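The values are calculated or read from the model by the stated rules, or taken from the named source; none is laboratory data. Predicted, not measured: the structure shown is a model, and the values here were computed from it. Remember, those area values only see protein heavy atoms, side chains included, never the ligands or the DNA or RNA. Shrake-Rupley method; radii C 1.70, N 1.55, O 1.52, S 1.80 Å.
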Amino acid sequence: TQTVAPGSPTTTLPAWLAPLPGAQEERTLAGADEVSDTYQVPKSPASVVNHYRVQLQKAEIRFSSSFDGMGTVLRCSEGKASCVIQIRAATAHP
């Protein structure tokens with residue numbers, strides 16, 4: 001767990017990393033120089049990948065895409081900031 005001191009500036013996600021509509025946020029951790037956001041969305045992994053590709057292209061952010069054996073990974077950077085977007089299919093719960 002990451003703790004942020006009261007009054008400390010916290011990093012926020014840029015607009016081009018906005019989750020898909022209908023996303024159910026599970027967890028957000030934010031600190032002075034890092035933010036991590038995890039959520040589930042009732043869409044196919046391909047739809048989620050497409051959402052981020054469109055957002056990144058609109059914002060003119062260069063990115064690369066690869067498959068890591070579990071899902072799609074998008075890597076991008078802007079200035080001194082960088083991010084990794086991991087997209088995985090949700091496992092079914094009984």
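Figures for the structure shown
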| item | result |
| --- | --- |
| Accessible area of the chain belonging to carbon and sulfur atoms, whole % at 1.4 Å probe | 51 |
| Residues of the chain: accessible area per residue with a 1.4 Å probe, Å² | 73 |
| Two-decimal Rg to Rh for the chain - Kirkwood Rh, Cα set | 0.98 |
| Hz values of 3J(HN,Hα) by residue in segment 76-91 - Karplus curve (6.51, -1.76, 1.60), Gly and Pro given as x | 8, 8, 9, x, 8, 8, 9, 8, 10, 10, 9, 10, 10, 6, 6, 7 |
| In sequence order, calculated HN-Hα J values of segment 50-62 (Karplus, 6.51, -1.76, 1.60; Hz; x Gly/Pro) | 4, 4, 5, 4, 4, 4, 5, 5, 4, 7, 6, 9, 6 |
| Helix-only CD estimate at 222 nm, as mean residue ellipticity for the chain, using -39500 (n - 2.57) per DSSP H run (n ≥ 4) | -5000 deg cm²/dmol |
